[in-house]
Amino acid sequence: MTILSVSNLAKQFNNTYAVKDLAYQFTPHQCIALIGPNGAGKTTTLQMIAGLLQPTSGEIIFDKHKSIDRRTLIGYLPQQPVFYSWMTGSEFLVYSGQLGGLTKTASRKRSAELLDITGISEAKNKRIGNYSGGMKQRLGIAQAIIHQPKLLMLDEPVSSLDPIGRREVLTLLEQLKTEMTVLFSTHILSDADEISDELILLRKGEMIESGKMKDLRQKYQTTKITLQFLENQAFYQKKVAALPHVTRTLLERDTVQVIATNIETARQEILQQAVDEKWPLLAFKLEQATLEEMFMKAVNDA
Ligand SMILES: Nc1ncnc2c1ncn2[C@@H]1O[C@H](COP(=O)(O)OP(=O)(O)OP(=O)(O)O)[C@@H](O)[C@H]1O
């Protein structure tokens, strides 16, 4: 099931493409990270989807309805949200709800719910000017979802926060994806690595890689297995090297490093042989590519 479909999306400023040929299908309850360095086109993409910026070309279709008012389905938190620092968190949310069309009573009820969900109810009567960065971001998220959108979009929601604020916001986003799809931009790969189910990698406005995190991990997996034996590493290195699907082995300190073109076949072969010949295997580690390695490889391939 798709909640949002984007195809051939492009934005040109002067004669330069900020975003080019972007296509993606967004499904419910997923957390998608839009990753790219500064100037990659992340803000432009989010603003086009939010309806704040007119695309040069392409289509953005929500729930298969071309004509639906997107604002009812989207919550958007910009990179630098603006708050009235003299208002309390609670006043700000009630006011935002009323601006969004809720009655005062409905807005009060929803605001109380959101203050709880975002974990700032204890500070609801404090002025926003006294909130920490993480609290302000959580208040911004509460405001963005006051109308119960299907898609929450956030532009660099944690980049400017300290480690505590960052953790609070990432945890909140993970909770929120049970109720909606979350699309957030970041240039910090470890943030994306922590909570996202899917990735869209942008470079100079072009989507150079996209898809489910687990599929991408498999695609970019480094073809390396680290083995450690109870004793006599060199002896077992020779045994492993003799296996048909093992390309190369290396003795590194007290471990045997195994390189193979098909890591899955090599893995099965090694484990089978270890069982058959009762190898004294102490450790078996399949190296996973970090998001940074994936990103670098995708950039180089592109
Ligand atoms: N209003 C504009 N007029 C002209 N060029 C623009 C405009 N907005 C963005 N750009 C250009 O489009 C490109 C993409 O910008 P965008 O802000 O979308 O990137 P980004 O990935 O969000 O970067 P950052 O992480 O720095 O916010 C950049 O080269 C930028 O200079």
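No other residue among LYS219, LYS204, LYS224 is within 16 Å of the ligand (Cβ to nearest atom) and closer than 30 Å to ALA33 by Cα apart from LYS204. Could you please find all residues in segment 51-65 being within 13 Å of the ligand (Cβ to nearest atom) and surrounded by 19 or more Cβ atoms within 10 Å (Cβ to Cβ)? Within segment 51-65, PRO55 is the sole residue that qualifies. Contact map, segment 9-26: first residue over 25 Å from THR181 (Cα atoms), second residue more than 8 Å from the ligand (Cβ to nearest atom), Cβ cut-off under 7 Å, separation 6 or more or different chains; pairs are GLN12/THR56; TYR17/ALA10. For the residues ARG108, ARG167, ARG127, ARG138, the requirement of being over 19 Å from ILE32 (Cβ atoms), in contact with a Gly (Cβ under 7 Å, 6 or more places away or on another chain) and charged (D, E, K, R) singles out ARG138.
Considering only helices (runs of 4 or more DSSP H) fully contained in segment 154-244, which possess at least 2 residues that are under 30 Å from PRO78 (Cα atoms)?
Fully inside segment 154-244 and qualifying: 163-176, 189-195, 213-219.
There is at least one residue in segment 205-213 that is under 25 Å from THR265 (Cα atoms), at pLDDT below 90 and assigned by TED's automatic domain parsing to the domain that holds ASP63. Looking only at segment 66-90, residues that are touching a residue at least 24 places away in the same chain (Cβ under 8 Å) and within 16 Å of the ligand (Cβ to nearest atom) come to 5 in all.
Do we find a residue being among the basic types (Lys, Arg) and assigned to a strand (DSSP E or B) anywhere in segment 133-150? No: segment 133-150 contains no residue that is among the basic types (Lys, Arg) and assigned to a strand (DSSP E or B).
Once segment 33-47 is narrowed to residues that are under 14 Å from the mean Cα position of the chain (by Cα) and farther than 13 Å from PRO157 by Cβ, the residue that is nearest to the ligand (Cβ to nearest atom) is GLY36. Taken residue by residue, segment 73-90 has no member that is under 15 Å from SER185 (Cα atoms) and part of a helix (DSSP H, G or I).
No other residue among SER196, SER210, SER160, SER185 is within 15 Å of the ligand (Cβ to nearest atom), farther than 30 Å from VAL275 by Cβ, of a type in the set (Gly, Ala, Ser) and crowded, with 16+ Cβ neighbours inside 10 Å apart from SER185.
I'd like the full set of residues that are of a type in the set (D, E, K, R) and more than 8 Å from the ligand (Cβ to nearest atom), limited to segment 1-32.
Narrowing segment 1-32 to residues of a type in the set (D, E, K, R): 11, 20-21.
LYS20, ASP21 - these are the residues of segment 1-32 that are of a type in the set (D, E, K, R) and more than 8 Å from the ligand (Cβ to nearest atom).
The residue pairs whose first member lies in segment 30-54 and is in the same structural domain as THR181 (by TED's automatic domain parsing) and within 20 Å of LYS212 (Cα to Cα), whose second member is more than 8 Å from the ligand (Cβ to nearest atom) and part of a loop (DSSP other than H, G, I, E, B), and whose beta carbons are closer than 6 Å, counting only pairs six or more residues apart or on different chains, are GLN30/ASP197; CYS31/LYS177; CYS31/SER196; CYS31/ASP197; ALA33/SER196. Looking only at residues in segment 253-302 that are in a loop (DSSP other than H, G, I, E, B) and in contact (Cβ under 8 Å) with a residue 60 or more places away in the chain, the one that is nearest to the chain's Cα centre (by Cα) is THR290.
The values are calculated or read from the model by the stated rules, or taken from the named source; none is laboratory data. Source: prediction; values computed, not measured. All Cβ positions, glycine included, derive from the backbone under ideal geometry; neighbour counts span all protein chains shown.
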